[in-house]
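Where a number appears in this text, it was derived from the coordinates with a stated rule and is not lab data. None of the values given here were measured: they were computed from a predicted structure. All Cβ positions, glycine included, derive from the backbone under ideal geometry; neighbour counts span all protein chains shown.
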Amino acid sequence: MSHFFAYLSRMRHIRRWSLMRNSLPENDLEHAALTGILAHALAVIRNDIADDSARVDPDRCATLALYHDVSEVITGDIATPIKYFNPGIAAAHREIERAAQEKLLSMLPPPLKDRYRGIIQPDAESPEWRVVKAADNLAAYLKCVEEVAAGNKEFLKAAQSTLKKVRSLNMPEVELFMKEYAPSFGLALDELN
């Protein structure tokens, strides 16, 4: 019996933004789903609109995004200010994350382990992974936008810092998404009509 998929389903119990008061609580499973949607969208925009010669596979981007935080079912979500407090902590976190990924992969039989290794431990230099990391940052920014729109001033500084991070990516597909689609995330339902 393998516990792999049961572990992954526990992503819904991993609370994000744990150091901050949330108007709209978010868990890892919700974040992974939104990141998957955003990664797919960014890949499609990159391929079909941004005219980037380095095409990416939208389905691969979405899949990688769905699995990008699965190690947190073992490690929990470590807040960004802690995770990147200094280079030593960041390096230790990468080692812990890698060990958690290996533990999850060890739950799979060999044929599946080989298939999932490339999803759980993707090539960090691939253009698809760059799209996923952009989608991850974009998801964090959009969470901040929604919190601020809900009147939660605690997310103002996080919104500014994540916006700066998103803008620094210098990816045409991200810039287009920010111009055309991101502003809607701060609107109420009645305003979307």
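Numbers at a glance
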quantity: Approximate spin-label separation His93-Ala150, in nm, with each point projected 7 Å along Cα-to-Cβ; calculated: 2.3
quantity: Residue (of Ala91, Ser126, Met11) at the positive-pole extreme of the chain, dipole from beta-carbon charges; calculated: Ala91
quantity: Within a Gaussian network of the chain (alpha carbon springs, distance under 10 Å), most fluctuating of Ala90, Ala140, Ala62; calculated: Ala90
quantity: Listed residues Pro183, Pro172, Pro87, most fluctuating in the chain (Gaussian network, C-alpha, under 10 Å); calculated: Pro87
quantity: Sorted by Cβ density within 10 Å, fewest first, the residues Ile89, Ile45, Ile120; calculated: Ile89, Ile120, Ile45
quantity: Furthest towards positive pole of dipole, Ala43, Ile74, Val148, structure part the range 4-192, Cβ charges; calculated: Ile74
quantity: The chain: Lys pairs at Cα distance under 15 angstrom, eight or more positions apart or on different chains; calculated: 9
quantity: Distance between modelled label sites at Asp48 and His3, nm, 7 Å Cα→Cβ extension; calculated: 4.2
quantity: Structure-based [θ]222 nm, the chain - -39500 (n - 2.57) summed over DSSP H runs of at least 4, per residue, nearest 500; calculated: -19000 deg cm²/dmol
quantity: Most to least packed among 53-59, 160-166 [average Cβ atoms within 10 Å]; calculated: 160-166, 53-59
quantity: Förster radius 25 Å - calculated FRET efficiency between Leu189 and Arg167, Cβ distance, rounded to 0.05; calculated: 0.35
quantity: Size of electric dipole in the range 4-192: Cβ of Lys, Arg +1 and of Asp, Glu -1, about Cα centre, debye, nearest 20; calculated: 620
quantity: For the chain, built as a Gaussian network whose Cα springs stay under 10 Å, the top-fluctuating residue of Glu180, Glu147, Glu30; calculated: Glu180
quantity: Label-point separation in nm, Ile37 to Asn86, each point 7 Å along Cα→Cβ; calculated: 4.1
